[in-house]
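Report on the following structure.
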Amino acid sequence: MSSGGGSKAVLAALGANLGIAVIKFVAFAVTGSSSMLAEGVHSVVDSGNQVLLLVGAKRSQRRATPEHPFGYGRDRYVYGFLVALMLFSAGGLFALYEGIEKIIHPHHLDEVAVALIVLAVAIGLESFSLRTAIHESRELKGEDGWLAFIRHAKIPDLPVVLLEDVAALTGLVLALAGVGLAALTDNAVWDGIGTTGIGVLLICVACLLVVETKSLLLGESASPEALIAIEANLVGPGVDRIIHLRTMHLGPEELLVAAKLAIPPGSSIEQISASIDAAEARVRAAVPAARVIYIEPDLFVDRPDEDLTARTSP
């Protein structure tokens, strides 16, 4: 898994959101539309989120230290979690408040044509950002569906950008509907309803991101495909079977593998050492992300309380 694609998608989203934020705020100043204000704040929050993702990716590359011997790979998960919290608080709650306020105290819209033009341009820019994120995600997605990819991806950047872009496009459609209905009916309450819809949408997306990034922070196991490859390569000359196996992601591109292996009875220290070294080499060749491997040699005894399964729940 390479983070290069993730960074490209994040940069594309950052550039699009900065440009969109400027034109949305200009449109808000001209029209007084609460939908445009909510969308402007949404774009600013999204821009801040992309900066956080880039900072997290940079900080995760720091070398391991005595205080953090397994490195800083999980920094990307921490910053992904912060993105979810920002989207919830600064984006969703603000839009919800603004929408309810405009429903209670509707404000007549001026220069509706300006808002509609701005929304059309914003939809085009967001579509470009989403197209880039989809293109960069295809290789990592494999045969998984998009929802499965978002749930199982170990690199948080691409799922975050995908969800943000989908939410942004949906929010723009809601804003377009709110502004359009407000103009057609001469009732500005529709603008507030559209803004409220944007707030609810952002809160739902933020909650989904919180759940997924929390799971990554707690430590997820290797993917089923990687787990099968690890199992297949641990067993070999001098290794009879796997007694138990545990895996955990230390970061998007770094995997911890801990295993207890059954060694043939009567093996010498030299033979055991050679067998373990060979097993580690096979696993690293098959799964490059398996950078930290701990193997305990043992004799296989069928104990009722021993975990004999090699798999861990993904």
### Query
Between Lys58 and Lys214, 0.36 nm times their residue separation minus their Cα-Cα distance comes to what?
54.1 nm
### Summary
Taking the chain and counting helices only, DSSP H stretches of n ≥ 4 at -39,500 (n - 2.57) each over all residues, the nearest-500 ellipticity at 222 nm comes to -22000 deg cm²/dmol
### Query
segment 77-179: which GluC sites (Glu not before Pro) are DSSP loop and have at most 12 other beta-carbon atoms within 10 angstrom?
Glu143
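Based on DSSP H assignment, which helices of the chain show an axial Cα extent of at least 27 Å together with a mean Kyte-Doolittle hydropathy greater than or equal to -1.0?
Working: long enough: 4-31 (40 Å, 1.45); 34-59 (37 Å, 0.45); 112-141 (42 Å, 1.03); 157-185 (41 Å, 1.77); 189-218 (44 Å, 1.72).
Helices passing the filter in the chain: 4-31, 34-59, 112-141, 157-185, 189-218.
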### Query
Can you give the relative contact order of segment 28-147 as a percent, counting alpha carbon pairs under 8 Å and 6+ residues apart?
34 percent
### Query
What net charge do the residues around Leu119 carry, taking every other residue with its C-beta under 14 Å from that of Leu119, with Lys and Arg at +1 and Asp and Glu at -1?
-3
### Query
Shape call for segment 37-167 from the C-alpha gyration tensor, a ≥ b ≥ c root eigenvalues: rounded (a/c under 1.5), prolate (a/b greater than b/c) or oblate?
prolate
### Message
For Cα pairs less than 8 Å apart in space and 6+ apart in sequence, what is the mean separation divided by the residue count of the chain, i.e. the relative contact order in percent?
### Response
21 percent
### Query
Taking the Cα-to-Cβ direction at Leu85 and at Glu225 and moving 7 Å from each Cα, how far apart do the two end points lie in nm?
3.4 nm
#### Entry: Charge dipole magnitude, Cβ of K and R +1, D and E -1 - segment 4-218, Cα centre, debye nearest 20
940 debye
#### Entry: Pair Val173, Ile269: separation of 7 Å Cα→Cβ label points (nm)
6.9 nm
#### Entry: Kirkwood estimate for the chain, i.e. one over the average of 1/r between Cα atoms, Å
21.8 Å
### Message
What is the distance in Å between the Cα centroid of segment 124-158 and that of segment 207-266?
### Response
24 Å
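Expressed as a rounded percentage, what relative contact order does segment 155-196 have, with Cα pairs under 8 Å and six or more residues apart? Could you put the intermediate results ahead of the total?
Values: 23 pairs, mean separation 13.1, N = 42.
The value is 31 percent.
Please compare each pair in Lys24/Lys141; Lys24/Lys102; Lys58/Lys260; Lys24/Lys214; Lys141/Lys260; Lys214/Lys260 to a cut-off of 23 Å on the Cα-Cα distance and tell me which ones are over it. Before the final figure, lay out the partial values.
Values: Lys24/Lys141 33 Å; Lys24/Lys102 18 Å; Lys58/Lys260 35 Å; Lys24/Lys214 32 Å; Lys141/Lys260 31 Å; Lys214/Lys260 29 Å.
The answer is Lys24/Lys141; Lys58/Lys260; Lys24/Lys214; Lys141/Lys260; Lys214/Lys260.
Give me the extension gain from Arg138 to Glu111: residue separation times 0.36 nm, minus the current Cα-Cα distance, reported in nm with one decimal.
On the way: separation 27, 0.36 × 27 = 9.72 nm, distance 4.12 nm.
Gain on extension, Arg138 to Glu111, equals 5.6 nm.
Every read-out reported here was derived from the displayed coordinates using simple, explicitly stated rules and does not represent laboratory data. These numbers come from a predicted model, not from an experiment. Using ideal geometry, Cβ is built from the backbone for each residue, glycine included, and neighbour counts are taken over all protein chains shown.
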